[in-house]
1. With respect to residue 22, determine if the residue is out of contact with any Asp or Glu (no Cβ under 7 Å at 6 or more places or on another chain) and either open to solvent by less than 70 Å² (accessible area, probe 1.4 Å) or at pLDDT 80 or above (or both).
2. Return the residues of the stretch 64-80 that are at pLDDT 85 or above and in a strand (DSSP E or B); say none if nothing qualifies.
3. So for the stretch 9-17 (the condition being under 22 Å from residue 86 (Cα atoms), in contact with a His (Cβ under 9 Å, 6 or more places away or on another chain), surrounded by 11 or more Cβ atoms within 10 Å (Cβ to Cβ) and at pLDDT 80 or above), does at least one residue qualify?
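The values are calculated or read from the model by the stated rules, or taken from the named source; none is laboratory data. This is a predicted model, so every value here is computed, not measured. With ideal geometry, Cβ positions are generated from the backbone for all residues, glycine too; neighbour counts draw on all protein chains shown. Calculation scope for accessible area: heavy atoms of the full protein, side chains included, ligands and nucleic acids excluded. Shrake-Rupley method; radii C 1.70, N 1.55, O 1.52, S 1.80 Å.
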Amino acid sequence: MDNYSQNSKGKYHVFLSFKREDTCLGFTDQLYAALVCKSIITFRDDEELARGEVISEKLLRAIVESLSAVVISPKTRLIFNSDARLEELYSTLNHFS
């Protein structure tokens, strides 16, 4: 992991995308803790986006400054049911494609 950390050019190794109300925070918290424990620099947005809210510049910048992304989605339904969530998903997919 040390070589990965030294060779990375992004501010974050991983951008962790999830919607608080639709995912088990226990899982998200455990994943985040495991990544950090392995010295993987991870961006996790602790601010919840409300329906209709515009995605923040901070979030867009974190996507661009990340080397990879993990999108956590429940199996039962699509979590990107707001314009801000769709923009976050689009920006993430666009950046990493």
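1. Values: out of contact with any Asp or Glu (no Cβ under 7 Å at 6 or more places or on another chain): yes; either open to solvent by less than 70 Å² (accessible area, probe 1.4 Å) or at pLDDT 80 or above (or both): yes.
Criteria met by residue 22.
2. Once the filter is applied, which keeps residues that are at pLDDT 85 or above and in a strand (DSSP E or B), the stretch 64-80 yields 66, 67, 68, 69, 70.
3. yes
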